[in-house]
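Engineer: For reference, the structure I am asking about is given below.
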Amino acid sequence: MKKKQKLCWSVTIAVTLTLFACVTINIYFPAEKVESVAEDIVNDIRGNALPKKDGQSRNNHGTIYNISFVFSPASAWADDVTNVSNPTIRSLKEKMKERFQALAPYYQKGALNEMDNGYLSAVDAGGLSLKEKRDLNGLVDAENGDRKTLYAEVAKALKIDPSQTGRIAGIFAKEWKKPVR
């Protein structure tokens, strides 16, 4: 009888440990929301008009979508949190818009490179004067400082863990890399 009881306990413990070992923790990261926010912010800073066709929003939500949205009983208002704004983000966007005007000639000269990590770097400054190089380095430092703060503020506004700021920067990098118009 003792052998059966010991075997039963051993099997129970083994099954329990197996179940606990299979549990995974999935941390939700709203990549689509961050992509939408990144596109809006970068286009706003660079002065790019967002495309609209035939009275539809850029999310291609037409009349049928709007009707179904109104009549749906469980509308999730939190899903439309992609318009991220707070005083810090608005201030950063204004500073970055002004700075973009100063950076534009350097983009055209090929002296700037958008990195995969969401930050800007000065490259190939051979054709620039000493004063232009100094100005460019100052602009790049200021831009990168503001981008770091922007990514942290977007994380806070979307209620994303601050440890995920690098992922947010990577998503923004895709938008920053789009051609400057």
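Engineer: How many residues does the stretch 162-181 hold that are under 11 Å from Glu39 (Cβ atoms) and charged (D, E, K, R)?
Structural biologist: 3
Engineer: Can you name the residue in the stretch 155-170 that is within 18 Å of Met115 (Cβ to Cβ) and open to solvent by less than 20 Å² (accessible area, probe 1.4 Å) and, of all such residues, is nearest to the chain's Cα centre (by Cα)?
Structural biologist: Ile168
Engineer: Filter the stretch 117-133 for residues that are surrounded by 12 or more Cβ atoms within 10 Å (Cβ to Cβ) and over 30 Å from the mean Cα position of the chain (by Cα) and give the result.
Structural biologist: Within the stretch 117-133, Leu128, Glu132 meet the criteria.
Engineer: Being open to solvent by less than 90 Å² (accessible area, probe 1.4 Å) and basic (Lys, Arg): is that true of Arg147 here?
Structural biologist: In short, yes.
Engineer: Assuming Asp79 fulfils every condition listed in (1) within 22 Å of the chain's Cα centre (by Cα); (2) modelled with pLDDT of 90 or more apart from one, which condition is it?
Structural biologist: The one condition Asp79 does not meet is (2).
Engineer: (1) free of Cβ contacts under 8 Å to residues at least 12 places away in the same chain; (2) closer than 15 Å to Leu103 by Cβ; (3) hydroxyl-bearing (Ser, Thr, Tyr): which one isn't true of Ser163, the others all being true?
Structural biologist: (2) is the only condition that Ser163 fails.
Engineer: Then there is this: What residue, of Ile45, Ile64, is at negative phi, modelled with pLDDT under 90 and β-branched (Val, Ile, Thr)?
Structural biologist: Ile64
Engineer: Assess whether Val140 counts as being in contact (Cβ under 8 Å) with a residue 60 or more places away in the chain, surrounded by 15 or more Cβ atoms within 10 Å (Cβ to Cβ) and either more than 14 Å from Val42 (Cα to Cα) or hydrophobic (A, V, I, L, M, F, W, C) (or both).
Structural biologist: no
Engineer: For the stretch 28-47, which residues satisfy the criterion of being touching a residue at least 40 places away in the same chain (Cβ under 8 Å) and either farther than 20 Å from Arg90 by Cβ or charged (D, E, K, R) (or both)?
Structural biologist: Phe29, Pro30, Ala31, Lys33, Glu35, Glu39, Asp40, Asp44, Arg46, listed by residue number.
The values are calculated or read from the model by the stated rules, or taken from the named source; none is laboratory data. Bear in mind that the values here come from a model prediction, so they are computed numbers and not experimental data. With ideal geometry, Cβ positions are generated from the backbone for all residues, glycine too; neighbour counts draw on all protein chains shown. Calculation scope for accessible area: heavy atoms of the full protein, side chains included, ligands and nucleic acids excluded. Shrake-Rupley method; radii C 1.70, N 1.55, O 1.52, S 1.80 Å.
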